[in-house]
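The values are calculated or read from the model by the stated rules, or taken from the named source; none is laboratory data. Just so you know, these numbers come straight off a predicted model, no measurement behind them. FYI the Cβ positions are ideal-geometry reconstructions off the backbone, even for glycines, and counts take in every protein chain you see. Surface accessibility is based on the protein's heavy atoms, side chains included, excluding ligands, DNA and RNA. Shrake-Rupley method; radii C 1.70, N 1.55, O 1.52, S 1.80 Å.
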Amino acid sequence: MVHKLVLLRHGESVWNKENRFTGWTDVPLSEDGVKEAHRAGRLLAGEGYSFDSAYTSTLKRAIKTLWIVMEEMDLMWLPVCRSWRLNERHYGALQGYNKAEMAAERGEAQVKLWRRSYDVPPPPLQDDDPRYPGNDPKYAKLSKDDIPRSECLKDTVDRFLPYWNDVIAPAIRSGEKVLIVAHGNSLRALVKYLDRIPDDEIPGLNIPTGIPLVYDLDDELKPQNHYYLGDADSVLKAQQAVANQGKAK
């Protein structure tokens, strides 16, 4: 049996548009991001996809993207699970800063290390920083040890995989058709795990906003194939745009 899993990075956010490190900062979609979400929903509907359940983060840019997709697909009734474990990687003290300006100030190599290395986190936030998520009521029920001050991709993998193994994977094995709407790095964490991408190769993986990524999984949930829906040239252009975000202008 082939299980189809669809992954979707949220539409462009206002801070994506401004090329800022976003992380757990809860910013809305841009106008273009709303359009991307509508296009993704129409594309999935037009290709005949349907879902039994959906999973997303606690951040509004992912939640709103999912709402729009469900509306376009006439699936507003779909059961939705939200978890902080699907949140974007926490960018620590970089959150809010422009990536290109930071590259010009600190060097492209340093910014690339913070953005794309597997196990090097950005500078951490202090607990009294207003950006620290421990001050956000969304995370009031989390233990202090679970609330990040900064994360590398390895940290994102470590917090995502328990939710995958305990919640999402069993749903897929039971026969449910699952949609995950999340973030660039939380989806990179899952893709790394599914495709067994080595630590030194994961920096080259770029997931664009608003383009559905489909996985065909076997009964052991091992990938047999994966592909983006839509025009291949547009996908490549969108991936390159993500890769260029950390370059100085």
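Table: residues versus (1) over 22 Å from Arg89 (Cα atoms); (2) touching a helix residue (DSSP H, G or I) at 6+ places or on another chain (Cβ under 6 Å); (3) in contact (Cβ under 8 Å) with a residue 60 or more places away in the chain; (4) of a type in the set (Gly, Ala, Ser).
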{"position": "Val6", "(1), (2), (3), (4)": "no, no, yes, no"}
{"position": "His10", "(1), (2), (3), (4)": "no, yes, yes, no"}
{"position": "Phe21", "(1), (2), (3), (4)": "no, yes, yes, no"}
{"position": "Ser30", "(1), (2), (3), (4)": "no, yes, no, yes"}
{"position": "Met70", "(1), (2), (3), (4)": "yes, no, no, no"}
{"position": "Trp77", "(1), (2), (3), (4)": "yes, no, no, no"}
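Residues in segment 148-161 that are touching a Gly at 6+ places or on another chain (Cβ under 9 Å) and either free of Cβ contacts under 8 Å to residues at least 60 places away in the same chain or part of a helix (DSSP H, G or I) (or both): Arg149 alone.
Here is a check on your reading of the model: is Ala45 open to solvent by 20 Å² or more (accessible area, probe 1.4 Å) and either touching a residue at least 40 places away in the same chain (Cβ under 8 Å) or small (Gly, Ala, Ser) (or both)? So Ala45 fits the description; yes. In this structure, Glu101 qualifies as under 18 Å from Asn16 (Cα atoms), open to solvent by 20 Å² or more (accessible area, probe 1.4 Å), part of a helix (DSSP H, G or I) and modelled with pLDDT of 90 or more. Against the conditions (1) open to solvent by 20 Å² or more (accessible area, probe 1.4 Å); (2) part of a loop (DSSP other than H, G, I, E, B); (3) under 14 Å from Phe21 (Cα atoms), Glu88 satisfies every one except (1).
Taking Asp129 as the residue in question, decide whether it is open to solvent by 70 Å² or more (accessible area, probe 1.4 Å) and either in a loop (DSSP other than H, G, I, E, B) or at pLDDT 95 or above (or both). No, not satisfied.
Within segment 104-122, if we keep just the residues that are of a type in the set (D, E, K, R) and free of Cβ contacts under 8 Å to residues at least 60 places away in the same chain, the residue that is surrounded by the fewest Cβ atoms within 10 Å (Cβ to Cβ) turns out to be Glu105.
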